[in-house]
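Enquirer: Pasting a structure here, questions to come.
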Amino acid sequence: MIYFITGNENKFREAKAILPVIERLDLDLIEIQEIDPLKIIKAKMEEAFKHHSGEFIIEDGYLDVKSLGGLPGPFAKWFIKLLGKDGIWEIVKNSSDKSAEVSVIIGYAKNKDEISFLEGSIKGKMVAPRGENGFGWDSIFQPYGYDKTFAEMTTEEKNSISMRKIAFEKLKDYLQKNK
């Protein structure tokens, strides 16, 4: 059994569609504040090992807005919590460069000594909030090649192209090659 440690049901559903063997484990882990997402995931994994043994997955997403020098980065959920999507858009809207990249890094622990990291990213641009679906930055991020934000897409549309899909597909391939 591989456990995906997350309190976010949306993330779990998206991941389970790609990797049906996973089960959700909702642990409240301490999350350090750090610019480097790998350090955040490593610290979460160390914390998780205090509560759980066996195989598990921890994932963290980040939003890199070019005009903001990479912010909000791994602090995206805090920016959204404090400023809201409208507030983030207000900061970005007058910038000449609205390009952005959304990414997910997965930490997979077979055990304490065998840990792997896999990443999925999508490039796009920041836009005024549009759409009602999704969560996080979905309503202010429009992937290149699409005329909709993630929040305007159906769950199936988003899940077919998302950064989480890319990362979990890499994990699926990794697990098949390393059985």
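Enquirer: Give me the pairs: first residue in segment 9-21 and more than 13 Å from Asp173 (Cα to Cα), second residue open to solvent by less than 70 Å² (accessible area, probe 1.4 Å) and small (Gly, Ala, Ser), beta-carbon distance under 8 Å, and six or more apart or on different chains, which are they?
Expert: Correct list of pairs: Asn10/Gly134; Glu14/Ser162.
Enquirer: Further question on the same structure: Counting only residues that are of a type in the set (Asp, Glu) and either surrounded by fewer than 19 Cβ atoms within 10 Å (Cβ to Cβ) or in contact with a Lys or Arg (Cβ under 7 Å, 6 or more places away or on another chain) (or both), how many does segment 119-145 have?
Expert: 2
Enquirer: Here is a follow-up. Do the conditions hold for Ser67, that is, is it hydroxyl-bearing (Ser, Thr, Tyr), more than 18 Å from Ile40 (Cα to Cα) and in contact with a helix residue (DSSP H, G or I) (Cβ under 9 Å, 6 or more places away or on another chain)?
Expert: yes
Enquirer: Scan segment 17-69 residue by residue and report those that are touching a His at 6+ places or on another chain (Cβ under 7 Å) and at pLDDT 90 or above.
Expert: Selection gives Leu25 alone.
Conditions (1) charged (D, E, K, R); (2) part of a helix (DSSP H, G or I); (3) under 15 Å from Ala100 (Cβ atoms), marked per residue:
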| position | (1), (2), (3) |
| --- | --- |
| Lys125 | yes, no, yes |
| Ala128 | no, no, yes |
| Gly145 | no, no, yes |
| Glu157 | yes, yes, no |
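Enquirer: Would it be correct to say that Phe168 is open to solvent by less than 20 Å² (accessible area, probe 1.4 Å), aromatic (Phe, Trp, Tyr) and at negative phi?
Expert: Values: open to solvent by less than 20 Å² (accessible area, probe 1.4 Å): yes; aromatic (Phe, Trp, Tyr): yes; at negative phi: yes.
Spelling it out, Phe168 is indeed open to solvent by less than 20 Å² (accessible area, probe 1.4 Å), aromatic (Phe, Trp, Tyr) and at negative phi.
Enquirer: So Val104 ticks every box in (1) in contact with a Lys or Arg (Cβ under 7 Å, 6 or more places away or on another chain); (2) free of Cβ contacts under 8 Å to residues at least 60 places away in the same chain but one. Which box is left unticked?
Expert: Just one mismatch for Val104, condition (2).
The values are calculated or read from the model by the stated rules, or taken from the named source; none is laboratory data. Given the structure is predicted, the values throughout are model-derived calculations rather than measurements. Neighbour counts are summed over all protein chains in view; Cβ atoms, including those assigned to glycine, are modelled from backbone coordinates with ideal geometry. When the accessible area is computed, the model is the full protein with side chains, heavy atoms only, and any ligands, DNA or RNA have been set aside. Shrake-Rupley method; radii C 1.70, N 1.55, O 1.52, S 1.80 Å.
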